[in-house]
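Just so you know, all these numbers are worked out from the coordinates, no wet-lab data involved. These numbers were taken from a predicted model, which means no experiment stands behind them. No Cβ is skipped: glycine too gets one built from the backbone with ideal geometry, and neighbour counts run over all protein chains shown.
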Amino acid sequence: MTSTSTIRSYPSNIDKLSRIKGGVAGLLIGDALGVGTHWYYDLDQLAQDYGPWIDTYQDPAVNGSHGFANISHFRYQQGVRAGDVSQTGQVIVLLLESLAHCDGLVLTDFLARLDDFFAPLSGESFSGRYTDELMVDLIRARRTGLHWGDPGIASGCDTTEGAQFVSLLALAIDDPVELVDAAGQLLQTFYREPFIRQNTLVFALVVQAMVNSVPLTELPAYLAAMAKRSDVMSAIQRYDHLLTPGNGQVAWQPETVRIEPALHISQVYGMDCQLVHLLPCAYYLMHRYPDQFEQGVLSAINGGGNNMARAALTGVLLGAMNGLEAIPERLLSGLHDSDRYLQLADMMRTQ
């Protein structure tokens, strides 16, 4: 049984706009916290290069001790510094700009911005601030002459960039059907595998539930109710996908399952880049630290591996749950261009 003394809630009296801004800020803060400390699969090496507990932005290591030191060195050479977002973060900002200047998601507008962003990139990984698999696949497909929307353009990768992108839609859209339709359009353009799209849509529904103050104790029932909605399930397909977020409630049972410190959740589910490993980590940290933005996001960062994506996913959840006021000032002011991001978040909601 779950001990009710270990169940914590998140604040219910937060202004909606604060939750939206908190979600946007949390997403980009998580990304920027990880860009300097990315892909350390040995936690001893992470501590060797950055100390026992990372609590702020870091420059990419010029001579890192980890297996991906060449990527850190490349980012440093490209001018990436503490407080900058990654290339994924840059694309998140493109979508944020599009949402702020259009009436909701206008996919053609976002994709036109993305084409402009692709123009100076080589299509190889070592380009820009480092180009991840999804963007490499999309750039190469576009340069073969495929049009956006052609089924052949979608990537077969299984990563979380799509989850980060559609979390912005979840912050801006109140209706689950409208969210699933809009997010589905974007995801079908980018991802070939239905399994990846379906689990990503569930993440979007969870972010939407958090920004709308659905209590964590009610989240499993809230998601289960979606199974009765054919207009939602036509996109989600499998009921089991709706169960995954609730598995994070194991964080409420330390007498049964104890993970100390919480950063080691990355080693329980997997430290790599796969969506099916990163989402459960974010759900666990959401349930463990529902009212502690900083502790949750920093636990994601200090877990190593693809800490950048893990922290971004955790950050958008906890930011939406706790609002902008709960984010430490040093993390906001240390995020380069944060004032503009918050202004765009404001515009996104007022359309």
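Please pick out the residue among H264, H277 that is within 19 Å of T200 (Cβ to Cβ) and free of Cβ contacts under 8 Å to residues at least 40 places away in the same chain.
Numbers: H264 fails: within 19 Å of T200 (Cβ to Cβ).
Among H264, H277, only H277 is within 19 Å of T200 (Cβ to Cβ) and free of Cβ contacts under 8 Å to residues at least 40 places away in the same chain.
Please find, within the range 256-276, the residue that is surrounded by the most Cβ atoms within 10 Å (Cβ to Cβ) out of those that are within 23 Å of N199 (Cα to Cα) and among the polar types (S, T, N, Q).
S266
Take the residues of the range 202-225 that are touching a residue at least 40 places away in the same chain (Cβ under 8 Å) and under 17 Å from A163 (Cβ atoms): which is surrounded by the fewest Cβ atoms within 10 Å (Cβ to Cβ)?
V202
So which residues in the range 291-331 are in contact with a helix residue (DSSP H, G or I) (Cβ under 6 Å, 6 or more places away or on another chain) and part of a loop (DSSP other than H, G, I, E, B)?
Selection gives N302, G303, G304, G323, I327, P328.
Go through the range 107-136 and report how many residues are within 21 Å of the chain's Cα centre (by Cα) and either closer than 28 Å to E178 by Cα or among the β-branched types (V, I, T) (or both).
Of the residues in that region, 10 qualify.
Table: residues versus (1) under 27 Å from R310 (Cβ atoms); (2) surrounded by fewer than 18 Cβ atoms within 10 Å (Cβ to Cβ); (3) hydroxyl-bearing (S, T, Y).
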{"site": "L95", "(1), (2), (3)": "yes, no, no"}
{"site": "S122", "(1), (2), (3)": "no, yes, yes"}
{"site": "Y130", "(1), (2), (3)": "yes, no, yes"}
{"site": "L134", "(1), (2), (3)": "yes, no, no"}
{"site": "L138", "(1), (2), (3)": "yes, no, no"}
{"site": "G149", "(1), (2), (3)": "no, yes, no"}
{"site": "T160", "(1), (2), (3)": "yes, no, yes"}
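Can you name every residue in the range 98-139 that is at positive phi and either touching a residue at least 60 places away in the same chain (Cβ under 8 Å) or small (G, A, S) (or both)? Reasoning before the result, please.
From the range 98-139, those at positive phi are 104, 123, 128, 130; that's our starting set.
Hits for the range 98-139 are G104, G123, G128.
Scan the range 222-256 residue by residue and report those that are of a type in the set (S, T, N, Q) and part of a helix (DSSP H, G or I). Walk me through how you get there before you give the answer.
Quick first cut of the range 222-256, residues of a type in the set (S, T, N, Q) only: 230, 234, 237, 244, 247, 249, 253, 256.
Matches in the range 222-256: S230, S234, T244, N247, Q249.
Among the residues of the range 289-308, which ones are under 25 Å from D240 (Cβ atoms) and in contact with a Gly (Cβ under 7 Å, 6 or more places away or on another chain)?
Selection gives A300 alone.
Being assigned to a loop (DSSP other than H, G, I, E, B), over 23 Å from the mean Cα position of the chain (by Cα) and without any contact (Cβ under 8 Å) to a residue 40 or more places away in the chain is the filter here, so list the residues in the range 62-97 that pass it.
Filtering the range 62-97 down to residues assigned to a loop (DSSP other than H, G, I, E, B) leaves 62-68, 78-86.
Okay, now just the ones that are also over 23 Å from the mean Cα position of the chain (by Cα), so 62-67, 78-79.
Once the filter is applied, which keeps residues that are assigned to a loop (DSSP other than H, G, I, E, B), over 23 Å from the mean Cα position of the chain (by Cα) and without any contact (Cβ under 8 Å) to a residue 40 or more places away in the chain, the range 62-97 yields V62, N63, G64, S65, H66, G67, G79.
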